[in-house]
1. Could you point to the label whose value was computed as Cα Rg over 2.2 N^0.38 Å for the structure here, given [x] 1.57; [y] 1.29; [z] 1.01?
2. Note down the magnitude of the dipole of region 2-59 about its Cα centre, charges +1 on Lys and Arg C-beta and -1 on Asp and Glu C-beta and zero elsewhere, to the nearest 20 debye.
3. For the chain, with every protein chain kept in place, what is the accessible area per residue (1.4 Å probe, Å²)?
4. Considering only DSSP beta bridges with both partners in the chain, what is the antiparallel share in %, to the nearest 5?
Amino acid sequence: MTGTVGPGLVGEVIVRVRGGAEAFLAYAVEAGERLERGTVVVVVEYQPPRTVYVAAAYG
């Protein structure tokens with residue numbers, strides 16, 4: 001996470017793809033969840049062109 005995700009907040013994640021890295025807008029997959037900057041996340045869903053839904057990878 002390069003930007004915090006939470007209620008009323010749209011975050012940002014950097015995803016490694018095709019040998020490089022790209023930035024995507026990120027929303028929490030669980031309503032009301034807050035994911036702080038620096039949290040390692042898993043992309044659960046992708047919506048073109050640049051939006052992902054994420055969950056914390058650990059815990």
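The values are calculated or read from the model by the stated rules, or taken from the named source; none is laboratory data. Because the structure is a prediction, the values reported are computed rather than measured. Because the Cβ atoms are built from the backbone with ideal geometry, glycine has one as well, and the counts that use them run over all protein chains shown. Heads up: the accessible areas ignore ligands, DNA and RNA and are worked out on the full protein's heavy atoms, side chains in. Shrake-Rupley method; radii C 1.70, N 1.55, O 1.52, S 1.80 Å.
1. This structure yields the entry labelled [z].
2. On the way: 5 positive and 6 negative charges, 39 e Å.
It works out to roughly 180 debye.
3. Per residue, the chain has 67 Å² of solvent-accessible surface.
4. 80
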